[in-house]
Amino acid sequence: QVTVVESGGGLVQAGGSLRLSCVASGSIFSTYGADWYRQAPGYEREWVAGNPQGGDTAYANSVKGRFIISRDNAKNTIYLEMNNLKPEDTAVYYCRLWKAGVNYWGKGTLVTVSS
């Protein structure tokens, strides 16, 4: 069983930055793909960025050029660096680890961007 815990959310003004972290248990973290999703109030959960194991990173058009996903396998951690934040980035951000059709989700961390 893999446990996933997100952190780093908070309140920030528009134009500001935050870095989210996603720490996972388990000794084979490097073999998992990882994604960040977000869910704003009243909206469905949407994919934000992905970091497949051994593959290229990818981003939703809405965050491309502003967000950066990265991973530190030695620390079992996935990061999401968010720059030039906009009020429409306000959401609960979730981390997903995946491998061979199995998904592990965290409980999310809230990001609120004020105008």
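Details
- Pairs meeting the criteria (first residue in segment 10-28 and over 26 Å from SER115 (Cα atoms), second residue open to solvent by 50 Å² or more (accessible area, probe 1.4 Å) and of a type in the set (A, V, I, L, M, F, W, C), beta carbons under 7 Å, at least 6 apart or on different chains) are VAL23/VAL5.
- Flag for SER70 being in contact with a strand residue (DSSP E or B) (Cβ under 7 Å, 6 or more places away or on another chain) and surrounded by fewer than 19 Cβ atoms within 10 Å (Cβ to Cβ): yes
- Yes/no for TYR93 being at pLDDT below 95 and open to solvent by less than 50 Å² (accessible area, probe 1.4 Å): no
- Residue-level check: of (1) modelled with pLDDT under 90; (2) open to solvent by less than 60 Å² (accessible area, probe 1.4 Å); (3) out of contact with any helix residue (DSSP H, G or I) (no Cβ under 6 Å at 6 or more places or on another chain), TYR59 misses just (1).
- Among the residues of segment 6-48, the ones that are open to solvent by less than 80 Å² (accessible area, probe 1.4 Å), more than 17 Å from THR90 (Cβ to Cβ) and of a type in the set (A, V, I, L, M) come to 3 in all.
The values are calculated or read from the model by the stated rules, or taken from the named source; none is laboratory data. Keep in mind that what you see is a predicted model, and the values were worked out from it rather than measured. Note that each Cβ is placed from the backbone with ideal geometry, even for glycine, and that neighbours are counted across all protein chains shown. What goes into the accessible areas is simple: the full protein's heavy atoms, side chains included, and nothing from ligands, DNA or RNA. Shrake-Rupley method; radii C 1.70, N 1.55, O 1.52, S 1.80 Å.
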